[in-house]
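Only one structure is covered here, and it is reproduced in the block below.
What follows draws every value from the coordinates through simple rules; no lab data is involved. Since the structure is predicted, the reported quantities are computational estimates derived from the model, not experimental observations. Glycine also receives a Cβ, built like all others from the backbone with ideal geometry; neighbour counts cover every protein chain displayed.
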Amino acid sequence: MISNCEFNGIKLYGKVEVVDSFPDIKVQVVDSFPDLKVKKVDSFPDNCGEWQFVDAFPDFKIQYVDSFPDIKIQYVDSFPGIP
């Protein structure tokens, strides 16, 4: 469950790496009723729901899944965060 823009102590903003195994968080992309609205940014991912995708030195790692996610996300262009 998400509280204070954290999931199991992991802040849900910052630099994110997409991996195929051993993720910190399993995410499912949905079109409605997300747990978190995510905005992709190129720099300064300092606010809740702002993710900067990187290939190295991430703050946390995610894996895309189709079922049994830890959290559900929806990509947005504005107003990221907990809906």
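Key figures
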item	result
Filter pass, PHE53 being under 12 Å from the mean Cα position of the chain (by Cα) and among the aromatic types (Phe, Trp, Tyr)	yes
Meets criteria (within 10 Å of the chain's Cα centre (by Cα) and within 20 Å of ASN4 (Cα to Cα)) for VAL38	yes
Any strands (runs of 3 or more DSSP E) falling wholly within the range 1-79 and containing at least 3 residues that are in contact (Cβ under 8 Å) with a residue 40 or more places away in the chain	14-18, 25-29, 36-40, 60-64, 71-75
The range 7-42, residues that are of a type in the set (Asp, Glu) and touching a Cys at 6+ places or on another chain (Cβ under 9 Å)	none
Residue that is nearest to GLY9 (Cα to Cα) [pool: residues in the range 34-83 that are surrounded by 13 or more Cβ atoms within 10 Å (Cβ to Cβ) and aromatic (Phe, Trp, Tyr)]	PHE60
The range 15-24, residues that are under 23 Å from SER78 (Cβ atoms) and either under 9 Å from the mean Cα position of the chain (by Cα) or aromatic (Phe, Trp, Tyr) (or both)	VAL16
